[in-house]
Amino acid sequence: MTEILNIIFIISAILWIIHFPILKTQFTFLNKNFDISRSEKITLNLGIFVNLLLLISFTNISQKIVFIILILLPFINLFNLKKKELPNELIILFLFVLIISLSIGSNLILEWDAAEVWIYKVLNFYNSKSFLNLSNMPGDASYPYLGPYIWSFFWKNSFIDTEYVGRIFYVFCYCLSIFLIASSEKKNLNKCIYTTLFMFLTLDYYILSGYQEILVFSSLIFIFYFFDQYLDQKKIFYLFPIVLFANASLWFKNEALFFVIFFFIYAFVKSFLKKEKIDPIFFIVFLTFSILVIIKYYIFYNYLNVINTGWLNYQITDVQNILKVDYIIARTSDIFKAIVVALIKCKTYLLFLAVIVVFNFKDNFKLVLPYIVYFFCSISFIFLIYFFTNDPSYKHYLATTTDRLLVQTSGIYLIPIYLILKKNIKINKLL
């Protein structure tokens, strides 16, 4: 019972911190009035919160002090609320997070990377060590650490000294990203139906066992969602969360750099298909992201003396080997098989294909094509990683990492799936 109450406390603390402060559903930005949904507001606050913790991670400020301040600050806005009742959306989101968190609490397992790499970064911050001490911890120092820092943050401020409570934040990000996709539904029942369906497709307790992929999964959904809002509503404000989550992704996983770059390709293709010129300010977003990338690698090189080039001891094979016919055939065959198996395991891709086939590709051409371009960019990236490696145990990495790479980008395909289903299936008539 104590553990259940502790889980409820952590979830409530996350919602409390992220829901009330900083941003309201109605506000003024650059002398323009904006109205956003409650789900969008929570997501925007989440982006600010995550980047705030990133900045704090470079300091020696106590995580407990930060937690107390963040808990107290929302009271400032609480008194200004016109309605004091708890919104239904928050209750629904709370219940989804609670159910999954209880499942994690009853099955305390840290999978390979979590037990060999990530948990040591968590312990570094949990034991009040600075990010400079990461080079002294087991594992690869070149791996980003924002996820573990947040993991340790909520673990440190839990009533129970158990690491899994820190991972509840991962569950929250996952549930919010799924919930956000269907946030335009007017009826809460419809939101629940779509959220349940998409969780059935994507929920993987293996990924929630300490891996960081779920954070990139959620961040990419946020980025794609807000870009679509930007194109539809022509509001520059929606570019702000794109920068926030693009930056956060860099500090969650190294490969997220490429997945965000592919997003900019997606954005160009989508704008081209809509016959719209991309606002010049969007190029400022790309420039800002480029600067953030440089800053990240500068910090790792200057303070931790590392630069990530792949997995530990990753080396590129000789050009002579790459040009050999037997090498090309064997390596391509191995990679192709691994990708096919991973795509089958990740049911989102199968549903995306099924929806395209069933609901006439021509009718949804402009909606689907940018995602197909993004898909081939991602697959090409994965192919090149394994094709050029000189590691004799590359088959092991193929078997253990291909599916996790694909999981990171799989969430974005829920967006076109939702839009096509919403267009062709009226849930109210089915009930």
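Overview of values
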read-out: Segments 63-72, 378-387 sorted - mean Cβ within 10 Å per residue, highest first; value: 378-387, 63-72
read-out: Set of aspartates and glutamates with alpha-carbon distance to Lys423 below 19 Å, sequence-local pairs under 8 removed; value: Glu185, Asp228, Asp232, Asp363
read-out: Ranked list, fewest to most other Cβ atoms within 10 Å of each Cβ, for Leu5, Leu208, Leu98; value: Leu5, Leu98, Leu208
read-out: Most positive-pole-ward Cα, Ser378, Tyr397, Tyr413, against dipole of segment 371-431 from beta carbon charges; value: Tyr413
read-out: Segment 314-431 - convex hull of the alpha-carbon atoms, volume per residue in Å³; value: 119
read-out: J(HN,Hα) series, segment 325-339, from Karplus relation 6.51 cos²θ - 1.76 cosθ + 1.60, nearest Hz, glycine and proline x; value: 4, 5, 5, 4, 5, 5, 5, 4, 4, 4, 5, 4, 4, 5, 5
read-out: Test item: Cα-centred dipole of the chain, Lys/Arg +1 and Asp/Glu -1 on Cβ, debye; value: 1540
read-out: Derived scalar couplings ³J(HN,Hα) [segment 212-229; Karplus, 6.51 cos²θ - 1.76 cosθ + 1.60; whole Hz; x for Gly, Pro]; value: 8, 4, 5, 6, 5, 3, 5, 4, 5, 4, 4, 4, 5, 4, 6, 5, 4, 5
read-out: Gained length - Thr400 relative to Thr317, 0.36 nm times residue gap less alpha-carbon distance; value: 27.8 nm
read-out: Where labels lie 7 Å past Cα in the beta-carbon direction, separation of Leu52 and Ile160 in nm; value: 2.7
read-out: Estimated vicinal HN-Hα couplings, Hz - segment 169-176 in sequence order (Karplus 6.51, -1.76, 1.60; Gly, Pro = x); value: 4, 4, 5, 4, 4, 4, 5, 5
read-out: At R0 = 56 Å, FRET efficiency that the Cβ-Cβ distance of Asp363 and Ser62 yields, to 0.05; value: 0.50
read-out: Residue exposure sequence - Phe245, Phe200, Phe359, Phe172 - by fewest surrounding Cβ within 10 Å; value: Phe200, Phe359, Phe172, Phe245
read-out: Candidate lysines for bridging to Lys121, where Cα separation is under 30 Å - those fewer than 8 sequence places away on the same chain excluded; value: Lys64, Lys129, Lys156, Lys253, Lys296, Lys345, Lys395
read-out: Computed FRET value (nearest 0.05) for Leu132 with Leu73, which takes r as the C-beta separation and R₀ as 41 Å; value: 0.90
read-out: Over segment 314-431, relative contact order from alpha-carbon pairs under 8 Å, at least 6 apart, %; value: 45
read-out: Which of Val285, Val306, Val97 has the fewest Cβ neighbours within 10 Å, and the rest in rising order; value: Val306, Val285, Val97
read-out: MRE, 222 nm, helices only [DSSP H, n ≥ 4, -39500 (n - 2.57), over the chain, to nearest 500]; value: -21500 deg cm²/dmol
read-out: Given (i) 22.9, 85; (ii) 21.6, 71; (iii) 26.0, 117, the label whose value is Rg and Dmax of the Cα atoms in Å derived from this model; value: (ii)
read-out: Over segment 311-379: Rg over Rh, Cα atoms, Kirkwood Rh; value: 1.13
read-out: Sequence-distant residues sharing a close amide H with Thr389 (under 5 Å, placed H); value: Thr317
read-out: Rounded to the nearest 20 debye, dipole of segment 314-431 from Cβ charges on Lys, Arg, Asp, Glu; value: 720
read-out: Furthest towards positive pole of dipole, Trp151, Ile181, Phe200, structure part segment 149-246, Cβ charges; value: Ile181
read-out: Contact order normalised by residue count of segment 118-242, Cα under 8 Å, 6+ apart, percent; value: 18
read-out: Over segment 2-308, relative contact order from alpha-carbon pairs under 8 Å, at least 6 apart, %; value: 20
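Read-outs: derived from the displayed coordinates by stated rules, not from any lab. As the structure is a computational prediction, the values presented were derived from the model and not from experiment. Neighbour counts are summed over all protein chains in view; Cβ atoms, including those assigned to glycine, are modelled from backbone coordinates with ideal geometry.
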